[in-house]
Amino acid sequence: MFVERQRQMLNLVLAESALELVQRGIWGAPAVVSDLRRRGKEPGMILLDRSLHHSAMQKLENPEKRGRPDLVHISLLSATGTPLYARGELQVHVHTSQDVILDVARSTRIPKNYLRFRGLMEQALDGKSGGGLVRAYGGTLRDLMTAIGGDPVVGLSSQGKPEELGAFAERLARSRNPVVVVGGFPHGHFSKKTLGVLDELVRIHPDPLEAHVVISRLLYEFEKAIERINR
Ligand SMILES: C[S@@+](CC[C@H](N)C(=O)[O-])C[C@H]1O[C@@H](n2cnc3c(N)ncnc32)[C@H](O)[C@@H]1O
């Protein structure tokens with residue numbers, strides 16, 4: 001597992017992310033078969049995508065939280081496009097709803113083109129190296145937290161305790177090894193299993209926001225907090 005520690009490093013974890021390969025149980029569903037034909041791919045090697053496989057997904061558990069690789073893409077672009085990431089002070093991890101962990105190697109440039117991103121994720125989830133940029137392992141969120149050794153591990157949620165974003169970012173910047181967990185899913189809230197690994201749950205805005213908006217706002221405030229502290 002690719003985890004690094006240094007002063008003022010922030011770990012960002014996208015948890016229960018809606019990113020997975022199409023599961024065997026729906027390989028024969030018409031929406032999946034026609035997508036496989038169109039792409040000339042083998043079953044089990046394509047990403048589950050609600051915009052293409054909606055009808056087939058009703059058979060799955062928790063369908064409302066799954067099949068949104070586009071959300072993961074936008075969130076990763078938001079995180080890896082920041083000066084914090086460029087300076088090597090942000091480590092990004094993706095945990096999926098199916099308990100796979102993807103480590104994004106430092107200085108990786110996530111493809112801006114969605115089709116290229118999809119190809120990279122399909123390779124990584126299929127056990128290929130994803131060009132060495134992204135590596136996938138079986139593992140729970142707890143496994144990832146143990147590897148990072150985060151202190152504190154803060155989940156962000158619209159159900160959390162309200163905290164002013166600038167003050168929250170400064171608290172993180174002054175912490176030993178902060179980890180922020182953001183949901184990588186479109187609807188619903190963290191599962192009990194995820195809540196069990198969090199030290200606290202914080203709300204940064206009165207309204208529910210998109211994950212990529214939460215990430216952009218937090219990382220900007222974190223950068224400003226580091227500047228204030230180092231001044
Ligand atoms: C699209 S939201 C998931 C929807 C969920 N109904 C919600 O309100 O949190 C994706 C993620 O963004 C983060 N998020 C959304 N709104 C937030 C808020 N007001 N404060 C803190 N985090 C928030 C949470 O981590 C959430 O899991």
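The values are calculated or read from the model by the stated rules, or taken from the named source; none is laboratory data. Since the model is a prediction, treat every value here as computed from it, not as a measurement. Cβ atoms come from the backbone with ideal geometry, glycine included; neighbour counts cover every protein chain shown.
Only one of the listed residues (R203, R231) is more than 8 Å from the ligand (Cβ to nearest atom) and among the basic types (K, R). That residue is R231. Listed by first and then second residue, the pairs linking a residue in segment 177-193 that is at pLDDT 95 or above to a residue that is polar (S, T, N, Q) and within 6 Å of the ligand (Cβ to nearest atom), with Cβ atoms under 7 Å apart and 6 or more places separating them unless they lie on different chains, are H189/S157; F190/S157. Considering segment 70-109, and only residues there that are more than 16 Å from the ligand (Cβ to nearest atom), under 13 Å from the mean Cα position of the chain (by Cα) and acidic (D, E), the residue that is modelled with the highest pLDDT turns out to be D99.
Search segment 158-186 for residues being in a helix (DSSP H, G or I) and near the ligand (Cβ under 10 Å from one of its atoms), and hand back the single one that is surrounded by the fewest Cβ atoms within 10 Å (Cβ to Cβ).
Within segment 158-186, the subset in a helix (DSSP H, G or I) is 165-173.
Add one more test, that the residue is near the ligand (Cβ under 10 Å from one of its atoms), and what stays is 165, 168.
Details: L165: 18, F168: 21.
Step by step, filter segment 158-186, then rank; the result is L165.
Screening L19, L60 for residues that are in contact with a Lys or Arg (Cβ under 7 Å, 6 or more places away or on another chain) and assigned to a loop (DSSP other than H, G, I, E, B) leaves exactly one candidate, L60.
Can you pull out every residue in segment 204-231 that is outside any helix (DSSP H, G or I) and either in contact with a Ser or Thr (Cβ under 6 Å, 6 or more places away or on another chain) or surrounded by fewer than 19 Cβ atoms within 10 Å (Cβ to Cβ) (or both)? Explain how you work it out, then say what you get.
Residues of segment 204-231 outside any helix (DSSP H, G or I): 204-210, 231.
Matches in segment 204-231: H205, P206, D207, P208, L209, E210, R231.
In contact with a Pro (Cβ under 7 Å, 6 or more places away or on another chain) and either farther than 27 Å from R50 by Cβ or modelled with pLDDT of 95 or more (or both): does that describe E223? When the stated conditions are applied, E223 passes them. Put simply, of K41, K128, K112 the only residue that is modelled with pLDDT of 95 or more and in a loop (DSSP other than H, G, I, E, B) is K112. Filtered by the rule that a residue be surrounded by fewer than 19 Cβ atoms within 10 Å (Cβ to Cβ) and among the aromatic types (F, W, Y), segment 75-128 gives a lone residue, Y114. Taken over segment 206-228, the criterion of being within 14 Å of the ligand (Cβ to nearest atom) and among the basic types (K, R) is satisfied by R217 alone.
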